[in-house]
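Enquirer: Take a look at the following structure, please.
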Amino acid sequence: MAVDSGAAGPQRLEGTGGELIQLLTPEGERVEHPDYPLDISTEEIKALFRDLVLVRRIDTEAIALQRQGELGIWASLLGQEAAQVGSGRALGPKDMAFPTYREHGVAWCRGLDPAKLLELFRGVSHGGWDPNEHNFHLYTIVIGSQTLHATGYAMGIQRDGAVGEDGEAVIVYFGDGATSQGDVNESFIWASVFNAPVVFFCQNNQWAISEPLERQSRIPLYQRARGFGFPGLRVDGNDVLACLAVTRKAMQAAREGQGPTLIEAFTYRMGAHTTTDDPTRYRLAAELESWKLKDPLERVRAYLVRTGAADADFFAAVDAEAGELGTRVRKSCLTMPDPQPLTIFENVYSEPNAQVAYERDRFAAYLDSFDSEEVGA
Amino acid sequence: MAELTYRQAIAAALAQEMARDERVVLLGEDVASGGVFKTTTGLRERFGPDRVWNTPISEQAIAGAAMGAAMAGLRPVAEIMFSDFYATCWDQVANEIPKVRYMTGGQLSMPLVLRGANGSGGLGFGSQHGQSVENWAMCVPGIKIASPATPAEAFGLLAAAIRDNDPVIVFEHKALYSRKEQCPDDEHVIPLGRAAVVRPGRDCTLVALSITVGICLAAADELATHGIEAEVIDLRTLVPLDAAAVLASVARTSRLVVVEENPGQLGWGASIAAIAAQEAFYDLTAPVIRISGGNVPLPVAASLEAEVDVSVPRVVAGVRALLGQLRQSTG
């Protein structure tokens, strides 16, 4: 494939050899990679396993809530837990993350209460969290738009001189489908020519709703970075350790002023695109079965069991915690109040606006008319 | 007082605000070399590459990155060279930027300005570079819209836009760029949302914006020779809209003519007319008249463009018909 010609990115071309970077095999065997040494303790791996289990539990609970009519829709992350937890745990507190609507695992890593996510999918708010508090922007639902916000944010950081070893960097999440968007390609160009401290984290889950990857790109997605002049690499997106290692390295490079990296996390959407979708209409069951053998949780479990790092009590405790989390998430969803009607008119502008005030006042009078009727009756 | 052209006033306002607040940055195509309309002359030299960012030709990225930079704490001013090109970045302008405050429940502000050349004015820019597109933005709650009619207004409204904590689109009229006027030397800011009565009159209210302000003033001069005293209101901004100024004028004159450069279908003048119909019905002694650009793509040939654009004779004829001096109407 003619991808190694032409002017390459300035210096960094690691990971462009075409291999899938992996540090933990689907069988749970720890392997080393020369470019991505990972110094990680058993306790840290156990903590990652806990993250994976809890995040999957949030997802399972949300799907159930949607099926029971408690959520309007849900975008499942099933199968993508490692990509999200691995990259999410690679971030420092000052780093900024721009998610899509499927980044429940990253949200978890950024310390966001899962109930906040459910607010959005229940339709009582647009998210409602403070992006600055968690350094985690609202879910962006228009495909690919956030890549430009991330690039602009990164340029802002750069302009403020927040670079260096203790600097800040930005990570932006998007899927394989988004790589066909103009926004994403423009963000690659801008990040490249401005050398912006941003990491493009593409979860290639193989399907853009019903459109398979081979109908979206004639080359592997990570190789596109080369054409824009910065490094691209492909990591096993179901390998939490590899995702952690490559993201850490790419974020550090960005912080130190070395510019952007494209990470293609090669993974699989094991569930539907959203709860409105039925993937059995367009893909083969055998494909799903083959990916189940690469499950992101099971390989960590296998590793922990085989190395004796965790015993049955550990797994039972994690399961119990997941059960409690599920209960808490469910309760918070069922007790979420509907927003007050007059909040419709809040935060359209930063200051009072005559047109909005006019409509609010009329609506308030209309609402009050019910009270007067009741009083009069 | 210094005499400035409209384009110099833009540059002066940018310089004033960039000197006042180091978080103000300018980005866009060719802005570092002064811009294709020479509205950013000297800024790169004065404020340096950290403050003035020349960008690739990607309007979507200009708007989207401006939003990201605003989230990072800057106050970006992004130039969209021709306002027709808002169509190439509409997702960012309509779906993203104006929704940030609302969707975050007020936790994030979006203090950014999008600005650039707008309008026809008989310059022959044709269907894709000569449109007046304030209406596009007016369909999207969350965006403020300023459309200055004079150099002093361009200065003051742009300065106010940059200081505003909401996204503001400033539509600069490209046919006014060479217009000259005395502008204040001191810090100059015109609050958004305050229309100006630029000519008083008792017989009829002409509501105008940007280039149609000058057209209406010229028409009012001519109408005076026919014994008609027209009051001219310069709206200055469409959002916030100073409807109170329009209604107060209609209460004085009892007749309303709205003059807009863009195609009439769903033009901003329709909003003014609707407000008058609701709020000033009993003040009116005649139907509300709208005079607008034609409902066709803008022709490029000067002879045809002149027919489509709003003109002084069309305004004069419309007002005289309204007051019963002519039998024909206009539309």
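Enquirer: Can you return the lysines within cross-link range of B:Lys38? Criterion is Cα-Cα under 20 Å, with same-chain partners fewer than 8 residues away left out.
Expert: List returned: B:Lys174, B:Lys180.
Enquirer: Using alpha carbons only, how many degrees (0 to 90, rounded to 10) separate the axis of helix A:354-376 from the longest principal axis of chain A?
Expert: Helix A:354-376 sits roughly 50 degrees off the main axis of chain A.
Enquirer: Among rounded, prolate and oblate, which fits the range A:172-287 when a ≥ b ≥ c are the square roots of the eigenvalues of its C-alpha gyration tensor, a/c under 1.5 means rounded, and a/b larger than b/c means prolate?
Expert: On the way: a/c = 2.45, a/b = 1.71, b/c = 1.43.
Verdict is prolate for the range A:172-287.
Enquirer: Pull up the DSSP beta bridges for the protein assembly as shown and report the antiparallel fraction as a percent, rounded to 5. Mind dumping the intermediate values first?
Expert: Numbers: 12 of 68 bridges.
Roughly 20 percent of the beta bridges in the protein assembly as shown run antiparallel, per DSSP.
Enquirer: Where does each of A:Tyr268, A:Tyr358 land when they are ranked from fewest to most other beta-carbon atoms within 10 angstrom? Please report the intermediate quantities before stating the final value.
Expert: Numbers: A:Tyr268 23, A:Tyr358 14.
Fewest-to-most ranking of A:Tyr268, A:Tyr358: A:Tyr358, A:Tyr268.
Enquirer: With angles folded into 0 to 90 degrees, how steeply does helix B:59-71 sit against the dominant principal axis of chain B? Use alpha carbons for both and round to 10.
Expert: Its long axis makes an angle of about 70 degrees.
Enquirer: May I ask you to sort A:Leu52, B:Leu14, B:Leu241 by Cβ crowding, counting other Cβ atoms within 10 Å and putting the fewest first?
Expert: Values: A:Leu52 26, B:Leu14 30, B:Leu241 21.
Ordered from fewest to most neighbouring Cβ atoms within 10 Å, A:Leu52, B:Leu14, B:Leu241 come out as B:Leu241, A:Leu52, B:Leu14.
Enquirer: Additional query: I'm checking a number: the convex hull volume of the Cα atoms of the range A:219-362, normalised per residue, in Å³. What is it?
Expert: Numbers: hull volume 39.5 nm³, N = 144.
Spread over its residues, the Cα hull of the range A:219-362 gives 275 Å³ apiece.
Enquirer: Also, quick follow-up: Counting DSSP beta bridges in chain B, what percent are antiparallel, to the nearest 5? The partial results should precede the final answer.
Expert: On the way: 9 of 42 bridges.
If we restrict to bridges inside chain B, about 20 percent are antiparallel.
Enquirer: Among B:Met1, A:Met336, what is the fewest-to-most ranking by other Cβ atoms within 10 Å?
Expert: Going from sparsest to densest Cβ surroundings: B:Met1, A:Met336.
Enquirer: So what's the back-of-envelope 222 nm ellipticity for chain B, counting only DSSP H runs of four-plus at -39500 (n - 2.57) apiece and dividing by all residues, rounded to 500? Could you put the intermediate results ahead of the total?
Expert: Details: 11 runs with 111 residues, N = 331.
Dividing the helical sum by the residues of chain B leaves -10000 deg cm²/dmol.
Enquirer: Tell me whether the range B:148-192 comes out rounded, prolate or oblate; compute the Cα gyration tensor, take square roots of the eigenvalues as a ≥ b ≥ c, and use a/c under 1.5 as the rounded threshold.
Expert: Numbers: a/c = 3.22, a/b = 1.28, b/c = 2.51.
It is oblate, given that a/c is not under 1.5 and a/b is not larger than b/c.
Enquirer: Another question, then. Return the sequence-ordered ³J(HN,Hα) values of the range B:5-10 in whole Hz as given by the Karplus equation 6.51 cos²θ - 1.76 cosθ + 1.60 applied to θ = phi - 60°, using x for Gly and Pro.
Expert: Here the 3J(HN,Hα) series is 6, 4, 5, 5, 5, 4 Hz.
Enquirer: Counting only DSSP beta bridges with both residues in chain A, what percent are antiparallel, rounded to the nearest 5? Display every interim value, and only then the final one.
Expert: Working: 3 of 26 bridges.
Rounded to the nearest five, the antiparallel share is 10 percent.
Enquirer: Tell me, what does the Kirkwood hydrodynamic radius of the range A:11-334 come to in angstroms if you use every pair of distinct C-alpha atoms?
Expert: One over the average 1/r among Cα pairs gives 19.7 Å for the range A:11-334.
Enquirer: A further question follows. With the Cα gyration tensor of the range A:147-236 in hand, give its eigenvalues times 5 under a square root as the equivalent ellipsoid semi-axes, listed largest first in whole angstrom.
Expert: Details: eigenvalues 131, 29, 28 Å².
Semi-axes (√(5λ), whole Å): 26, 12, 12.
Enquirer: Tell me, what is the Rg over Rh of the protein assembly as shown, with Rh the Kirkwood radius over Cα pairs? Could the numbers behind the result be given before it?
Expert: On the way: Rg = 29.1 Å, Rh = 27.9 Å.
Value, to two decimals: 1.05.
Enquirer: Something else now. Near A:Lys116, which lysines are there with a Cα under 28 Å away, not counting those fewer than 8 places off in the same chain?
Expert: Of all the lysines, those that pass the test against A:Lys116 - Cα under 28 Å, at least 8 places apart if same chain - are A:Lys46, A:Lys94, A:Lys331, B:Lys99.
Enquirer: Can you give me the convex hull volume of the Cα atoms of the range A:254-303, divided per residue and expressed in Å³?
Expert: Output value, Cα hull per residue: 150 Å³.
Enquirer: With Kirkwood's inverse mean 1/r over C-alpha pairs for Rh, give me the Rg to Rh ratio of chain B, two decimals please.
Expert: Working: Rg = 19.6 Å, Rh = 20.0 Å.
Reported Rg/Rh (Cα atoms, Kirkwood Rh): 0.98.
Enquirer: Also, quick follow-up: Where the convex hull is taken over the Cα atoms of the range A:303-377, what is its projected area averaged over directions, in nm²?
Expert: Working: hull surface 41.3 nm².
Hull-based average projected area comes out at 10.3 nm².
Enquirer: If N is the number of residues in the range B:212-331, what value comes out of its Cα radius of gyration divided by 2.2 N^0.38 Å? Please report the intermediate quantities before stating the final value.
Expert: Numbers: Rg = 14.1 Å, N = 120, 2.2 N^0.38 = 13.6 Å.
Expressed relative to 2.2 N^0.38 Å, the Cα Rg reads 1.04.
Enquirer: Mind checking the angle between helix A:42-67 and chain A's longest principal axis? C-alpha axes, 0 to 90 degrees, to the nearest 10.
Expert: So the helix axis and the longest Cα principal axis differ by about 40 degrees.
Enquirer: What would the Debye equation give as log₁₀ I(q)/I(0) for the range B:163-263 at q = 0.13, 0.15, 0.16 Å⁻¹, counting only Cα atoms as equal point scatterers?
Expert: Debye curve over Cα of the range B:163-263, log10 I(q)/I(0) at q = 0.13, 0.15, 0.16 Å⁻¹: -0.51, -0.68, -0.76.
Enquirer: Could you work out the percent of alpha carbon pairs in the range B:2-183 separated by over 27 Å, rounded to a whole number? All intermediate terms of the calculation are to be shown ahead of the outcome.
Expert: Details: 2978 of 16471 pairs.
So the portion of pairs separated by more than 27 Å is 18 percent.
Enquirer: Here's something else I'd like to know. Mind telling me which of A:Val163, A:Val318, A:Val356 comes out most flexible in a GNM of chain A, alpha-carbon contacts under 10 Å?
Expert: Highest fluctuation among the options: A:Val356.
Taken together, the values in this text are just the output of simple stated rules run on the coordinates, not laboratory data. Because the structure is a prediction, the values reported are computed rather than measured. Note that each Cβ is placed from the backbone with ideal geometry, even for glycine, and that neighbours are counted across all protein chains shown.
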